[in-house]
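First comes the structure, then the notes that go with it.
Derivation of every value follows stated rules applied to the coordinates shown; laboratory data play no part. Just so you know, these numbers come straight off a predicted model, no measurement behind them. Every residue, glycine among them, receives a Cβ derived from its backbone with ideal geometry; neighbour counts consider all protein chains shown.
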Amino acid sequence: MTDTAPSAIPPSGQVTRPDGRVELAPGTRPPGGRFANEDLLPVPVDRRTWTTYNFSALWVGMAHNTASWTLASGLIAVGMDWKQAVFTIALANLIVLVPMLLTGHAGPKYGIPFPVFARASFGVRGANLPAVVRALVACGWFGIQTWIGGEAIYFLAGKLIGDGWANASHVGGHAWTMWLSFAIFWAIQVAIIHRGMETIRRFENWAAPFVLVGAFVMLWWMSSRAGGVGPLFGQPSRLGWGGDFWKLFWPSLMGMIGFWSTLSLNIPDFTRYGRSQRAQTWGQALGLPTTMTLFAFLSVLVTSGSQAVYGEPVWDPVQLAAKTDNVVGLLYALVTVLVATLSVNIAANLVSPAFDFSNVAPRRVSFRTGALITAVLAVLIFPWKLYSDPQGYIFTWLGLVGGLLGTVAGILVADYWILRRTRLVLADLYREGGRYWYAGGWNWRAVAAFLVGGVLAVGGADFHPLIDGRPVPALSSLADYGWAVGLGTSLVLYLALTWLTGRRPDAARTVA
């Protein structure tokens with residue numbers, strides 16, 4: 001449509017391009033008021049430029065990171081062999097890819113970020129509930145990743161400066177130089193995010209291959225120390241393939257799914273820049289399961305090799321790299337860790353909560369302000385405690401995250417795909433009193449489904465080491481399946497409440 005006269009503007013205030021992408025009609029004023037700002041408004045079609053390579057590179061950069069490494073190596077540390085660990089991670093990533101593609105669809109079609117997308121199901125105000133939950137999870141992740149990056153700087157500086165740096169006096173259980181390293185890495189990330197999304201895209205494009213090469217170098221180094229690749233494949237499982245393995249498999253699988261359950265919600269924050277649905281679909285399908293499985297394979301082999309060389313598995317790659325006496329090799333390994341950590345932390349753990357916090361008060365909180373809020377909260381959750389134990393890291397932290405966010409994913413998928421058949425009215429997502437206003441800006445059906453699904457998903461979980469015991473012991477049998485329980489329960493309950501109360505979405509009347 002080229003006519004910009006007011007009479008030519010369709011009733012919905014939006015037009016659909018031949019490829020299915022939707023934008024505000026020419027001549028239509030962007031939604032204003034307190035529920036919109038420049039960062040939350042739909043991206044115009046001519047600025048949706050990300051290709052299949054951009055999305056693949058994004059996933060390579062995010063998957064090839066230190067937390068992914070410790071995720072896989074942590075399974076070796078708790079008793080699996082390399083085949084069991086790789087199988088668990090590969091299956092988890094194939095499963096989580098499905099909601100990732102389903103929620104990602106709204107990005108290139110409408111150009112909207114996750115918190116705005118959530119307004120269709122939770123309400124214009126109610127979307128703050130899943131957005132803030134997602135943002136607080138990201139704060140935890142950002143803190144963990146920043147601690148990892150700070151470790152790399154600490155060991156790197158120790159090799160360059162000497163024992164005075166490494167043996168500095170302790171404050172709060174760690175050397176004061178470690179705290180300084182943590183602060184330096186924190187500041188680097190805030191500086192990059194301040195430059196905006198295009199800088200992040202360019203950074204991901206070159207970081208992805210650099211990190212992959214670094215992982216292969218780690219594998220070569222460990223195999224040379226172990227006397228060949230044989231010892232890397234030869235470390236036996238302490239669990240076997242019987243009941244002991246399957247007892248550990250299900251919570252591990254849910255933890256692995258929980259690792260990317262954050263992105264399965266807020267992937268529209270990135271796909272909103274997609275050139276087409278094909279670009280985001282193929283980019284994610286090629287980027288996520290393949291690279292995560294490959295990286296898991298490399299990390300479990302290196303960790304198995306460390307068990308052969310040092311007598312126990314070293315699951316933290318920074319600690320493992322610090323064991324080498326080759327200064328050049330150490331520097332290369334730790335720089336790789338720094339680049340990998342920057343790559344995932346900025347893309348996965350700063351971009352999305354920045355939008356989420358902006359959604360809470362659009363007129364007062366910009367994208368950059370939201371990123372700064374995230375960075376500050378990330379320090380206050382004490383990430384060094386979350387990361388200190390693989391048992392708590394995989395089963396407590398990831399299990400709780402996966403259970404809660406799986407619940408939100410179920411509601412989003414039910415609303416967007418089953419009830420609305422992917423049809424939305426852009427202007428009403430920003431408007432008080434529109435079709436997504438519900439009651440005072442809240443859709444109680446979504447809130448009820450979220451609360452019930454969340455309690456069932458995580459109520460029976462073991463919160464150790466955060467707290468002792470289980471909040472709802474009667475639900476302990478569901479704890480090992482938290483993500484699946486949360487997603488399935490919320491999806492079914494949201495549909496049932498919507499149909500039983502007669503609140504049928506007007507998808508059939510939506511012009512899109």
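Given Cβ point charges of +1 (Lys, Arg) and -1 (Asp, Glu) and nothing else, what value in debye, to the nearest 20, does the dipole of the range 6-509 about its Cα centre take?
In total the dipole reaches around 1780 debye.
Mind ordering 75-85, 430-440 by average Cβ neighbours within 10 Å, highest first?
75-85, 430-440
Calculate for the chain the 222 nm mean residue ellipticity that helices alone would give, adding -39,500 (n - 2.57) per DSSP H run of length 4 or more and normalising by residue count, nearest 500 deg cm²/dmol.
Working: 22 runs with 319 residues, N = 512.
Counting only the DSSP helices, I get -20000 deg cm²/dmol.
Given contacts defined as C-alpha pairs under 8 Å and at least six residues apart, what's the relative contact order of the chain, whole-number percent?
29
Along the positive direction of the dipole of the range 6-509 (beta-carbon charges: Lys, Arg +1; Asp, Glu -1; about the Cα centre), which of Ala457, Trp176, Phe35 reaches farthest?
Of the listed residues, the answer is Phe35.
For the chain, what are the DSSP H helices with axial Cα length of 27 Å or more and mean Kyte-Doolittle hydropathy of at least -0.5?
Length and hydropathy pass: 82-104, 128-161, 197-226, 243-266, 277-310, 327-349.
For the pair His170/Val472, report the inter-label distance in nm, with labels modelled 7 Å from Cα in the Cβ direction.
Distance between the two pseudo-spin positions: 4.1 nm.
Hey, rough spin-label estimate for His194 and Lys385, points 7 angstrom out along Cα→Cβ, what's it come to in nanometres?
Inter-label distance under the simple model: 3.1 nm.
With the contact rule set at Cα under 8 Å and sequence spacing of 6 or more, what percent relative contact order holds for the range 72-167? Don't skip to the answer; put the middle values down first.
Details: 29 pairs, mean separation 10.2, N = 96.
Once normalised by length, the contact order is 11 percent.
Considering just Cα atoms, how many Å³ per residue does the convex hull of the chain enclose?
140
Taking the mean number of other Cβ atoms within 10 Å as a proxy for protection, how do you rank 447-459, 164-176 from highest to lowest? Before the final figure, lay out the partial values.
Values: 447-459: 22.2, 164-176: 12.9.
Highest-to-lowest ranking by the protection proxy: 447-459, 164-176.
Hey, how many Å between the Cα centroid of the range 56-122 and the Cα centroid of the range 300-363?
Taking the Cα centre of the range 300-363 as reference, the centre of the range 56-122 is 16 Å away.
State, to one decimal in nm, how far the label point of Val229 lies from the label point of Leu451, with both points 7 Å from Cα in the Cβ direction.
5.5
With unit charges on the beta carbons (Lys and Arg positive, Asp and Glu negative) and the dipole taken about the Cα centre of the range 6-509, which residue among Ile95, Pro209, Phe114 sits farthest to the positive side?
Most positive-ward Cα: Phe114.
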